[in-house]
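Participant: Below: one structure in structure tokens.
Coordinate-derived values only; no laboratory data. What you see is a predicted model; the values in this text were computed from it and never measured. A quick note on method: Cβ atoms are made from the backbone with ideal geometry, for glycine too, and the neighbour counts reach across all protein chains shown.
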Amino acid sequence: MKNLIKTLIVFSGIIIGGYLGSLAASVPALSFLAYGKALGLTNPLTLDLSIIKVTFGFMMDLNIASIIGLVIALFIVKKV
């Protein structure tokens, strides 16, 4: 249970940081926080077994603010 809470804190830090980075893109002094790259599969992989069709896909849009959020979340997890 404790590991689940730590994982949720880390994911929350990444998500909140990414959201703040997208908000900061419109502010000229903070626009550098929105700089980032999209990582992952651009075209999802599809496995068709005629009975069942499974699609695998993963995409992560990292920016500087989400990395800062990750660092803050890891600091909080260390304290918990």
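Participant: Please give the helix 2-24 orientation as an angle from the longest Cα principal axis of the chain, in degrees from 0 to 90, rounded to the nearest 10.
Facilitator: For 2-24 against the chain, the angle is about 70 degrees.
Participant: Still on this structure, please answer the following. Describe numerically, in nm with one decimal, the distance between label points set 7 Å from Cα along Cα→Cβ at residue 5 and at residue 45.
Facilitator: Inter-label distance under the simple model: 3.6 nm.
Participant: Quickly estimate the mean residue ellipticity at 222 nm for the chain, helices only: each DSSP H run with n ≥ 4 gives -39500 (n - 2.57), and the total goes over all residues, rounded to 500.
Facilitator: Helix contribution divided over all residues of the chain: -16500 deg cm²/dmol.
Participant: Restricting things to alpha carbons, tell me how big segment 2-79 is in terms of Rg and Dmax, in Å.
Facilitator: When restricted to Cα atoms, segment 2-79 yields Rg and Dmax of 16.5, 54 Å.
Participant: While we're looking at this one, here's another question. Give me the net charge for the shell around residue 70: Cβ to Cβ below 14 angstrom, other residues only, Lys and Arg +1, Asp and Glu -1. Don't skip to the answer; put the middle values down first.
Facilitator: Values: positive: 6, 78; negative: 61.
After counting each charged neighbour, the total is +1.
Participant: Let me ask something else about it. Please report the relative contact order for segment 1-69, taking Cα pairs under 8 Å with a sequence separation of at least 6, and give it as a percent rounded to a whole number.
Facilitator: 39 percent
Participant: Sticking with this structure for a sec: Using a cut-off of 22 Å between alpha-carbon atoms, which lysines can reach residue 78, once sequence neighbours fewer than 8 places away in the same chain are excluded?
Facilitator: 2, 6
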